[in-house]
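Engineer: Questions regarding the structure given below will be posed in turn.
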Amino acid sequence: MSTAAQEFLRAAAIRSADLRHRRTIRQAIDHYDRAIERTRSRFDDWEAARLRCREIKREAVNHLDRYLLEFEGHVRARGGHVFWAETSAEARQYIADLAARRRVLTVVKSKSMVTEEIGLRPALERGGVRVFETDLGEFIVQLRNEPPYHIMTPAMHLTRTEIADLFREKLGGVASDDPQELTAVARGALRGAFFTAEMGVSGANFLVADTGMIALTTNEGNGRLGTSLPRIHVAVAGIEKVIPRIEDLAMLWPVLALSASGQPLACYNTLIGGPRGPDEPDGPEEFHVVLLDNGRSELLADVEQREVLHCIRCGACLNACPVFRTVGGHAYATTYPGPVGSVLTPNLRGGERFQHLPFASSLCGACTDVCPVKIDLHHHLLHNRRNIVRSAKRPTSERIGFKLWRWAMMSPERFAFLSLLGRLALRAIYRLGLEGSMLDPMRSWTKVHAPPRIPEKSFRTLWGEKHGAK
Ligand code: SF4
């Protein structure tokens, strides 16, 4: 087992035994579930909306080359710059060099998971640039010096009392844990940064090919301030974010808002198409779009898993996942946690490090049920497991175990005999109080739970007694 897998198991064990953490997450997700229920009724046909969104994304991803070039052409025609970054390092370098050339001292960032993916903030800070996360949740986790917990709700794991204590310690002037007061304190702390920053960095929820605009969705005004006040705006987006037409937003915006936060529409939906025009009173002097590949082309070439690129990063699959709800976002130690992260990360990052993630799933399919673009997530988790098993040499004990299992399963008599042996052995172990010991094959369960009751008769025996057949 790799070190990363051991770290995951250790973090998951700690978090799943932390009842305060579980209560906080449950309350947050219960609140989200109620909002979803209320808002979904606004769609005449939610299934039809999901199908339409899937078709939009499928069309875009299947013709990615054409739509990206179309997008690039429109951005350049309006005086913007487009940089194609094959790797995270290239994307970081381009932005860090731009900041150095333009003597940027302060950057304001709006929420963007792709900038987390490329490690932008630490790279800019190493170059002496002060970087302010301006989304409230991101601002909170920046103050705590920790990564976002969830792709949509970065500070989901914190109660407002903990946030009030954090603000009191880091910012001062906090009298209560009233959300409005806390928001005002954060606003006061960030306002100066907006006015002094020379560069604003954003992500892009969508790249609209037929107009060359980025579509940005936020619930706080920070996205608009950060992209219009500084003299340089840099938008970073994965290449899969392109969509064919501006009309597609009529379906994608409400579907994203509903799945992300249970809202009919997010508070701010902004289209940005380039630097300030000669007759425009505000906006940046320079507009740069960094298009990031970072392994996405390889995923595109894999017809079996290509549809993972349809993801619109709504976070719904995280909220639905029983594993995420138990172990929490930080246990995954990846930019994208939860089911989508367990599919994406081993593909995007490759290597050994993240191969345990597809196994961190019950395969219950709840993620697939909620995905607004109908990505068959639990089957992709299975595909990843298969690919990993095929590519790696499995431990001898595992290979022998499966050979024995196959041998037993090929014969009803052998299966019945081994079941009986297993039942007798388990019963003896639990009667002798040896649960959790090395003799207990279920010790990872019995270390934290009461031992299961071992039935007197097997299912086969009961079936035979009832139906008179084996
Ligand atoms: S895989 Fe689906 S549910 Fe999960 S974040 Fe992406 S779009 Fe949302």
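The values are calculated or read from the model by the stated rules, or taken from the named source; none is laboratory data. This one's a predicted model, so the numbers in the text were calculated from it and none came from an experiment. Note: ideal-geometry Cβ built from the backbone for every residue, glycine included; neighbour counts use all protein chains shown. Heads up: the accessible areas ignore ligands, DNA and RNA and are worked out on the full protein's heavy atoms, side chains in. Shrake-Rupley method; radii C 1.70, N 1.55, O 1.52, S 1.80 Å.
Engineer: On full extension of the chain, what length is gained from A11 through E465, given 0.36 nm per residue of separation minus the C-alpha to C-alpha distance?
Structural biologist: On the way: separation 454, 0.36 × 454 = 163.44 nm, distance 4.64 nm.
Once the chain is fully extended between A11 and E465, it gains 158.8 nm.
Engineer: What percent do you get for the relative contact order of region 342-397 when only Cα pairs under 8 Å and 6+ apart count?
Structural biologist: Taking the mean separation of contacting Cα pairs over the length of region 342-397, I get 34 percent.
Engineer: Tell me, what is the per residue accessible area of the chain in Å², probe radius 1.4 Å?
Structural biologist: Normalised by residue count, the accessible surface of the chain is 49 Å².
Engineer: Let me ask something else about it. Tabulate in residue order the Karplus-calculated ³J(HN,Hα) for region 284-295, using 6.51 cos²θ - 1.76 cosθ + 1.60 with θ = phi - 60°, rounded to whole Hz; enter x for Gly and Pro.
Structural biologist: Result, ordered by residue: x, 7, 10, 10, 10, 10, 9, 9, 9, 8, 6, x Hz.
Engineer: Please give me, ordered by residue number, the GluC sites (Glu not before Pro) of region 274-318 that lie in loop per DSSP and have at most 14 other Cβ atoms within 10 Å.
Structural biologist: E285, E304
Engineer: Relative contact order (percent) for the chain, with alpha-carbon contacts under 8 angstrom and 6 or more residues of separation?
Structural biologist: Values: 727 pairs, mean separation 87.0, N = 470.
Result for the chain is 19 percent.
Engineer: Counting pairs of alpha carbon atoms under 8 Å apart in space and at least six apart in sequence, what relative contact order in percent does region 132-187 give?
Structural biologist: With pairs under 8 Å counted, the relative contact order is 27 percent.
Engineer: Kindly provide the GluC sites (Glu not before Pro) of region 1-85 that DSSP labels as loop, not H, G, I, E or B, and whose Cβ sees at most 13 other Cβ atoms within 10 Å.
Structural biologist: Values: sites: E7, E37, E47, E55, E59, E70, E72; in loops: none.
Answer by residue number: there is no such site.
Engineer: In region 305-378, what percent of the accessible surface is made up of carbon and sulfur (1.4 Å probe, ligands and nucleic acids excluded)?
Structural biologist: Taking all protein chains in place, region 305-378 shows 51 percent carbon and sulfur surface.
Engineer: Separate question: In whole angstrom, how far apart do the alpha carbon centroids of region 176-251 and region 59-80 sit?
Structural biologist: Here the two parts' Cα centres lie 20 Å apart.
Engineer: Given the -39500 (n - 2.57) contribution per DSSP H run of 4+ residues, what per-residue ellipticity at 222 nm results for the chain, rounded to the nearest 500 deg cm²/dmol? Don't jump to the answer; show the numbers that get you there.
Structural biologist: On the way: 22 runs with 247 residues, N = 470.
Mean residue ellipticity, 222 nm, calculated: -16000 deg cm²/dmol.
Engineer: Here is a further query. Note the per residue figure in Å³ for the convex hull of the C-alpha positions in the chain. Provide the component values of the computation, followed by the final result.
Structural biologist: On the way: hull volume 87.3 nm³, N = 470.
In the chain, the Cα hull volume divided by residue count equals 186 Å³.
Engineer: If Lys and Arg each add +1 and Asp and Glu each add -1, what is the summed charge of the other residues whose beta carbon sits under 12 Å from the beta carbon of R399?
Structural biologist: That sum, taken over residues with Cβ under 12 Å, equals +3.
Engineer: Okay, moving on. Which percent of the accessible area of region 390-441 is formed by carbon and sulfur heavy atoms (probe 1.4 angstrom)?
Structural biologist: Carbon-and-sulfur percentage of accessible area, whole number: 69.
Engineer: Could you state how much accessible area K57 has, in square angstrom rounded to the nearest 10, with a 1.4 Å probe and all protein chains kept in place?
Structural biologist: 0
Engineer: Using 13 Å as the cut-off for backbone N distance, which residues of region 109-144 belong to the label zone defined by a point 7 Å from the Cα of T196 along Cα→Cβ?
Structural biologist: Correct set: 129-132.
Engineer: For region 57-111, what % of the accessible area comes from carbon and sulfur atoms, probe 1.4 Å?
Structural biologist: Whole-percent figure for carbon plus sulfur exposure: 51.
Engineer: I've got another one for you. How high is the FRET efficiency from R427 to S176, r the C-beta distance, R0 35 Å, rounded to 0.05?
Structural biologist: Calculated transfer efficiency: 0.05.
Engineer: Counting pairs on different chains as well as pairs 8 or more places apart, how many Lys pairs in the chain have Cα atoms under 23 Å apart?
Structural biologist: 11
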